[in-house]
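Following: one structure in structure tokens, then a few remarks.
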Amino acid sequence: MVNIAVFASGNGSNAVNLVKTFNSGSRIRVALCLTDKENAPVIEKMQELGVPVEYVARSVWKDEPQKVIDILRSHDIEIIALAGFLCFIDETIVKAYEGKILNIHPSLLPAYGGRGMHGANVHKAVIEAGEVKSGATVHIVTNEIDAGPIVVQRCVTVLPEDTPETLEAKVHEVEYDIFPEAIMKVIATTAEPPALPKSVDDDWAETLGVPNDLPHLDTTPHEMPSPSPAAGQPAAFMPGVAVPASEAGSQEPMPPTYLVWAVVTMVLCCFIPGIVAVVNASKVSSRYFAGDYEGARRASRNAEIWIIITFVIGVIINTLYLPLSIAGMF
Ligand code: GRF
């Protein structure tokens, strides 16, 4: 489970959205909300959702940042999400959670970012400048305001009839999509991998009360000795012996004699005897209808004999190739 802390100073609609997105699952959850405003609406909202919420005075944020870190550590917080947090974040906190603090900003950063650019001020400035598009950005928090690496950014269209309020509503809609998306992205790249489940060996070691460390067992795979054939001899087939990749390309090609052998075999054992067998078989019916029963019987016997010859020659020739070639006759 990855625990997130949300820092918020105001309304908290993004904080609520994060809780609703994550807290019903089993992987990520908003485990804490910190605020710098004693009466911020976000406090009540978090309480209603059952999320622990703490007020930390601005003086503490500024002069005793280690206290904030201690609170975060006591809740096992791994990721921090700034959702409308208007208080300065001390560099001690930024360092303690380097790369793991995300801020959501209601403009297409780097445009309309920096000191004084927050909430309604941003939307007002965008409209006054006659922009046709605005949007929201989630970025990693560094010691510079609104300047850290961008994680996710999404646009909205600014219409001529838009007011700061209507634009804010549109931007909020995309914020509800991109903030959870950015958090998951950062978790996927920075969070500690989950601990491996216990193995059967661990269970046995626990049952027997012995340590499950077997340093004496050498588990490195050993190379199998490769068969070294005599000069001019083909290598025998060794099941399970893999040909090293470096040697795979240099394996001996199929000897050309085998090709000749295969062609001769086919002609001898399939083609010629096969044709003789077919000729004899065709004679059987013609002789029979001509009334030459004795001739039909002879042709039938010949056909049978040639079929057997075809088969026997095929078997003999094919089985002979290997021993003959090993004996150096090819
Ligand atoms: C959001 O627009 C966010 O981009 C900015 O502050 C606003 C907070 O809104 N940083 P809410 O309190 O989450 O409704």
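At 0.36 nm per residue, and after removing the present C-alpha to C-alpha distance, how many nm does the segment from ASP201 to ASP76 gain when stretched out fully?
42.0 nm
For the range 61-167, build the charge dipole from Cβ charges (+1 Lys, Arg; -1 Asp, Glu) around the Cα centre, then report which of CYS87, LEU102, PRO164 sits farthest towards its positive end.
Most positive-ward Cα: LEU102.
If you wrap a convex hull around the C-alpha atoms of the range 1-81 and split its volume per residue, what is the figure in Å³?
With only Cα atoms used, the range 1-81 gives 74 Å³ per residue.
Leaving ligands, DNA and RNA out of it, work out the accessible area of PHE271 with a 1.4 Å probe and give it in Å² to the nearest 10.
The value for PHE271 is about 130 Å².
If R₀ is 30 angstrom, what is the calculated FRET efficiency for the pair ARG301 and ILE272, using the beta carbon separation as r and rounding to 0.05?
Using R0 = 30 Å, I get an efficiency of 0.95.
Just how large is the dipole of the range 1-107 about the Cα centre, in debye to the nearest 20, putting +1 at every Lys and Arg Cβ and -1 at every Asp and Glu Cβ?
The calculated dipole for the range 1-107 is roughly 320 debye.
Roughly how many Å² of VAL132 are accessible to a 1.4 Å probe, to the nearest 10?
Looks like 100 Å² after rounding.
In Å, what is the Rg of the alpha-carbon atoms in the range 261-330, and how long is Dmax?
Rg then Dmax for the range 261-330, in Å: 16.2, 55.
Give the accessible area for ASP162 in Å² (nearest 10); use a 1.4 Å probe, count only protein heavy atoms, and leave out ligands, DNA and RNA.
20
Net charge near GLU38: determine it from the other residues with C-beta under 13 Å of the C-beta of GLU38, scoring Lys and Arg +1 and Asp and Glu -1.
-1
With each pseudo-label sitting 7 Å past Cα toward Cβ, what's the ARG27-ILE150 distance in nm, one decimal?
So the two model labels end up 2.5 nm from each other.
Over the range 5-75, what is the mean sequence separation of C-alpha contacts under 8 Å (at least six apart), divided by residue count, expressed as relative contact order in percent?
Computed value for the range 5-75: 31 percent relative contact order.
If you stretched the chain out fully between ASP63 and GLU98, how much longer would it get, using 0.36 nm times the residue separation minus the C-alpha to C-alpha distance?
Gain on extension, ASP63 to GLU98, equals 10.7 nm.
Show SER300, SER9 ordered by accessible area, largest first, where the area counts protein heavy atoms only and the probe is 1.4 Å.
Of SER300, SER9, the descending order of accessible area is SER300, SER9.
Each residue of the range 46-63 in turn: what ³J(HN,Hα) in whole Hz from Karplus with 6.51, -1.76, 1.60 and θ = phi - 60°, glycine and Pro shown as x?
Coupling constants for the range 46-63: 5, 4, 4, 8, x, 9, x, 10, 10, 8, 10, 4, 4, 5, 5, 4, 7, 9 Hz.
I need the peptides 261-267, 288-294, 25-31 ranked by packing, meaning the mean over residues of other C-beta atoms within 10 angstrom, with the highest value on top.
Descending mean neighbour count gives 25-31, 261-267, 288-294.
Given a Förster radius of 35 Å and the C-beta distance between ASN318 and SER286 as r, what FRET efficiency does 1/(1 + (r/R0)^6) yield to the nearest 0.05?
The pair ASN318/SER286 has a calculated efficiency of 0.55.
The values are calculated or read from the model by the stated rules, or taken from the named source; none is laboratory data. No experiment lies behind these values; they were computed from the predicted model shown. With ideal geometry, Cβ positions are generated from the backbone for all residues, glycine too; neighbour counts draw on all protein chains shown. Ligands, DNA and RNA are stripped out before the accessible areas are found, and what is left, the full protein with its side chains, is counted by its heavy atoms. Shrake-Rupley method; radii C 1.70, N 1.55, O 1.52, S 1.80 Å.
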